1. Testing L427 on (1) surrounded by fewer than 18 Cβ atoms within 10 Å (Cβ to Cβ); (2) touching a residue at least 12 places away in the same chain (Cβ under 8 Å); (3) over 23 Å from D341 (Cα atoms), one condition comes back false. Which one is that?
2. State yes or no: is V417 under 14 Å from V386 (Cβ atoms), assigned to a helix (DSSP H, G or I) and at pLDDT 95 or above?
3. Please go through (1) outside any loop (DSSP other than H, G, I, E, B); (2) farther than 16 Å from L368 by Cβ for G403 and return the number of the only condition it doesn't satisfy.
4. For the structure I just gave you, tell me whether N265 is under 11 Å from the mean Cα position of the chain (by Cα), under 25 Å from S372 (Cα atoms), assigned by the TED database to the domain that holds L307 and at pLDDT below 95.
5. Looking at D122, D102, which one is farther than 26 Å from R72 by Cβ and surrounded by fewer than 19 Cβ atoms within 10 Å (Cβ to Cβ)?
6. What about V362, is it free of Cβ contacts under 8 Å to residues at least 60 places away in the same chain and in the same structural domain as K224 (by the TED database)?
7. What number of residues in segment 308-330 are surrounded by fewer than 20 Cβ atoms within 10 Å (Cβ to Cβ) and either assigned to a loop (DSSP other than H, G, I, E, B) or of a type in the set (S, T, N, Q) (or both)?
8. Which ones in segment 271-321 are among the β-branched types (V, I, T) and touching a Ser or Thr at 6+ places or on another chain (Cβ under 9 Å)?
Amino acid sequence: MTEKEEKSTGAREDLRSKSTDSHFEESNEVPLCVDLDGTLVYSDTSWESVIRLLRRWPWMVVCFPFWLLRGRAHFKAEVASRVNFEPECLGYIEEILEFLNDEKAKGRLLVLATAANQSVADIVSRYLGLFDRALGSDEKINLKGPRKAEALVGSYGKQGFDYVGNDQADIAVWEQARIAYVVNASEGLRRRMSDMGSHIEKMPMLNLNLCDFARALRMHHWIKNALLLVPLVAAHRFADISEWTKLMIGVIAFGFCASSTYLVNDLLDIESDRRHRSKRARVIASGKLRISKGIYLALGLLAVGVLLSLGLPESFLACLLIYWLGANLYSLFLKQIYLVDVVVLTGLYFIRILSGAEIVDVVVSPWLFVFSLFFFLSLALSKRYVELLRIADLPVTKIPGRGYGTGDGWVVLFLGVGSGVLSIVVLAFYMNSGHIDTLYRKAEFIWIGVLLTLVWISRVWYRAKRGLLDDDPIIFAIKDRTSYVILGLIIVCVLLSSPILGR
């Protein structure tokens, strides 16, 4: 049994023992009222509804200020009336559900009391089949904090109910409750409740550690930003320390900007990620990172990237913002369009090369542009092909959230392999263009590098066809020892052919 499972089992046993203590002998006589957001589920249903609305109708963001002028309750009602809420997609806290099932079996009255809109409360209540009553916000009253306390006291009297909550806004309710159950609350909030003299029962808490934070930022994807170095390397300006320094700043700025887009993608894909075999563990889909904090973090990362870019050419900042906008448009709807998605992914790869060129003031040659176009298109198609292979034996007809069906596999395969081969053909034509002799003294070593590149792209598709490729070919390259060997040999070939070592 893992440490996580032991803690989970211990928490469940602890809850059961508490419900049978002498202090709790008369618990069945008072209702047990339970909050929804952050208590029964890890996430925030109001924020999820907002994201679902924006994903379907992004232009409706212009209506938000007008709805908010009429209060949060009105805002929630407007959003709830425009989305189809799916309760099965929520990340329920298993320990809380088991505790509620135990209390329900004893005949206790269970009440769902949430600041979410009443329609959401009703949907969740019907789906779980646990609650005798569901209380939520209406168009005029936001059932949160003092308003929730007033409603529960009005129904059950002061000290006439127990309350399970998680947030500082729940303090007003806990003050009126007989027993305060605290879930996923900070130690500061728990100490504050203890100082108030409330009877507190500590319940499960979900922690976000440093590894979770790094995974949320996709820091392993920062390796893609090495593409910013390509223009300087292609120009053979290896000894220009000042340019390398600026490029390193650009790489870091791009990393923060890219991490911002990954968070936005996770926010928009929260429902489909929860259905995915591996993506369900992402920090936002799992509930370890609240949606509101994810939004603030995404904006903060973008701000850091922009600030780092202020000391670089303005054209680099323009490329950075175009990348951020393009990546978010991709997450919003472009990735749902057949073939358009892979073209956009190709562009997002190439804009990194263009950004590096803007920093060091190098013109990207047509040869590099065309090679990059076909090479990155092949990698993007390999990602889709792997996704198609994984749904081949499932009772679905298309990749969730994508424009590809199960019958498109052979088209994606041919396009991907063809694009990879074309990228090598472009390199071969470049070798015979006459430009090669002005840059390299021993061009025969470059031919070896071309063949090694062909070996690598062929290996990517070989593994993709056998279902051995990761969701992302870049992640495959990071984990694959053979890829490191091939890359090392290519670097050796370039150095041996260059004027530095080839004289």
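The values are calculated or read from the model by the stated rules, or taken from the named source; none is laboratory data. What you see is a predicted model, and the numbers here were worked out from it, not measured in a lab. Cβ placement follows ideal geometry from the backbone for every residue including glycine, while neighbour counts extend to all protein chains displayed.
1. Failing condition for L427: (1).
2. Against the criterion (under 14 Å from V386 (Cβ atoms), assigned to a helix (DSSP H, G or I) and at pLDDT 95 or above), V417 qualifies.
3. Tallying (1) outside any loop (DSSP other than H, G, I, E, B); (2) farther than 16 Å from L368 by Cβ, G403 fails exactly one: (1).
4. Numbers: under 11 Å from the mean Cα position of the chain (by Cα): yes; under 25 Å from S372 (Cα atoms): yes; assigned by the TED database to the domain that holds L307: yes; at pLDDT below 95: yes.
Yes: the conditions hold for N265.
5. Unique residue meeting the criteria: D102.
6. No; evaluated as a whole, the condition is false for this residue.
7. Number of matching residues: 6.
8. Of the residues in segment 271-321, the ones among the β-branched types (V, I, T) are 283-284, 291, 295, 304, 306.
Answer for segment 271-321, where residues must be among the β-branched types (V, I, T) and touching a Ser or Thr at 6+ places or on another chain (Cβ under 9 Å): I284, I291, V304.
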